[in-house]
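Novice: Below is one structure. I have some questions about it.
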Amino acid sequence: MSPPAPTPPPKPASGPSGKITDELTGAGAIGKVCQVIGAVVDVRFDEGLPPILTALEVLDNQIRLVLEVAQHLGENMVRTIAMDGTEGLVRGQRVLNTGSPITAPVSRATLGRIMNVIGEPIDEKGDIKTSHFLPIHREAPAFVEQATEQQILVTGIKVVDLLAPYQRGGKIGLFGGASVGKTVLIMELINNVAKAHGGFSVFAGVGERTREDNDLYREMIESGVIKLGDKQGESKCALVYGQMNEPLGARARVGLTGLTISELGIYPAVDPLDSTSRMLSLHVLGEEHYNTAHGVQKVLQNYKNLQNTIAILGMDELSEDDKLTVACARKIQRFLSQPFHVAEGVLDGKYDDLPEQSFYMVGGIEEVITKAEKIAKEAAA
């Protein structure tokens with residue numbers, strides 16, 4: 001699919017004179033603020049009524065304030081949602097119809113930068129030097145331009161690739177409470193996509209706490225995902241924030257801004273029993289992967305069913321088969337702590353002689369064996 005033609009950010013072709021330059025969109029028309037209710041602003045236009053989702057820009061304001069048309073109220077009046085604070089906005093203040101939706105920069109110049117919902121840099125590192133902009137509201141690509149073949153995105157995270165494989169071009173939901181490792185998992189995905197696939201990532205912080213956003217930015221710098229100074233162009237991620245202290249409009253649209261930019265214990269903390277994927281099917285994964293994944297889930301489920309018995313009566317009251325199930329499940333849990341053909345070997349009992357602590361926080365099975373040998377030497381010393 002050929003890349004979309006660059007679209008410059010909306011600018012009034014005739015200045016704030018009120019002269020309409022486009023009869024269809026009413027671009028260039030000047031309206032006036034009629035009512036302000038928090039983040040909701042009503043604007044009246046004598047002519048050139050803007051379509052829904054059009055960006056309006058407040059003139060003569062202390063800060064750049066962009067409004068997005070959400071509703072036509074009749075009598076040449078529109079109801080809009082503000083993308084920033086409306087403090088100081090008064091009735092009668094002039095508003096310019098830009099004639100296009102909110103736009104966002106889409107070039108490599110965004111890498112390593114932090115932007116807000118309207119694509120402005122907020123990291124105090126100067127302007128984003130690019131002439132390539134795209135509207136955040138666009139038509140979906142035609143069906144003939146979409147890839148219909150199902151492919152797995154190999155993340156390099158064993159528990160994900162085995163039990164809940166991600167679909168290339170699909171959507172993923174990460175659910176969890178506070179401080180359980182969602183951001184850590186995202187960081188690992190960004191890092192692995194950059195290193196294994198040579199790709200780029202866009203992180204859209206929708207309603208995030210300011211402290212968490214700042215911590216994430218610092219962690220990305222420390223891990224090398226974001227580079228500063230002369231090497232900023234080598235960064236692998238761009239950040240777009242609509243933080244929890246910002247108006248509803250910013251939080252509602254920052255996801256679309258991020259999407260627009262992106263168009264050009266068990267550790268990580270993934271629950272292998274509650275996680276699922278449409279890609280976990282026989283015709284997509286093949287027989288070996290499919291059977292291994294279901295074998296792992298069966299062992300982990302059996303172990304979960306035995307946990308109450310263990311808590312009340314202890315391990316000694318289990319049958320020999322149940323004891324083997326517990327030992328196998330614990331080794332799998334520790335091995336999934338960070339290539340899935342090895343899990344099949346664990347299921348077959350190939351590594352029953354290795355201590356379970358040797359499976360924790362390692363890469364391949366070679367590291368497991370090396371760690372087991374080290375543990376044995378330390379125990380013998």
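Novice: Could you tell me which residue out of 355, 50, 379 lies farthest along the dipole of the chain toward its positive end? Charges go on the beta carbon: Lys and Arg +1, Asp and Glu -1, centred on the Cα centre.
Specialist: Projecting each Cα onto the dipole axis, the largest value belongs to 50.
Novice: Could you line up 371, 304 from fewest to most neighbouring Cβ atoms inside 10 Å?
Specialist: 304, 371
Novice: Determine the shape class of the chain: with a ≥ b ≥ c the square roots of the Cα gyration tensor eigenvalues, call it rounded for a/c under 1.5, and otherwise prolate if a/b is greater than b/c, oblate otherwise.
Specialist: Judged from the Cα gyration tensor, the chain comes out prolate (a/c at least 1.5, a/b above b/c).
Novice: Also, quick follow-up: Taking R0 as 45 Å, what's the FRET efficiency between residue 287 and residue 262 from their Cβ-Cβ distance, rounded to 0.05?
Specialist: My answer for the efficiency is 0.85.
Novice: What nm value, rounded to one decimal, do you get for the distance between residue 323 and residue 62 when each label is placed 7 Å out toward the C-beta?
Specialist: Calculated label separation equals 7.4 nm.
Novice: Pop the C-beta distance of residue 47 and residue 248 into the FRET formula with R0 = 41 Å and round what comes out to the nearest 0.05.
Specialist: For R0 = 41 Å, the calculated efficiency reads 0.90.
Novice: Using a Cα-Cα cut-off of under 24 Å, which lysines could be cross-linked to residue 231, ignoring same-chain neighbours fewer than 8 residues away?
Specialist: 125, 129, 195
Novice: Oh, and also: What is the distance in Å between the Cα centroid of the range 65-95 and that of the range 192-230?
Specialist: Computed from Cα coordinates, the inter-centre distance equals 34 Å.
Novice: For the chain, what is the calculated [θ] at 222 nm in deg cm²/dmol (nearest 500), taking -39500 (n - 2.57) for each run of four or more DSSP H residues and dividing by its residue count?
Specialist: That calculation yields -10500 deg cm²/dmol at 222 nm.
Novice: Considering lysine pairs in the range 286-380 that are 8 or more places apart or on different chains, how many have Cα atoms under 26 Å apart?
Specialist: 17
Novice: Next up: Give me the extension gain from residue 214 to residue 22: residue separation times 0.36 nm, minus the current Cα-Cα distance, reported in nm with one decimal.
Specialist: 64.9 nm
Novice: Also: Among rounded, prolate and oblate, which fits the range 286-380 when a ≥ b ≥ c are the square roots of the eigenvalues of its C-alpha gyration tensor, a/c under 1.5 means rounded, and a/b larger than b/c means prolate?
Specialist: Since a/c reaches 1.5 but b/c is at least a/b, the shape of the range 286-380 is classed as oblate.
Laboratory data are not the source of any read-out in this text; all were calculated from the coordinates shown. What you see is a predicted model, and the numbers here were worked out from it, not measured in a lab. Every residue, glycine among them, receives a Cβ derived from its backbone with ideal geometry; neighbour counts consider all protein chains shown.
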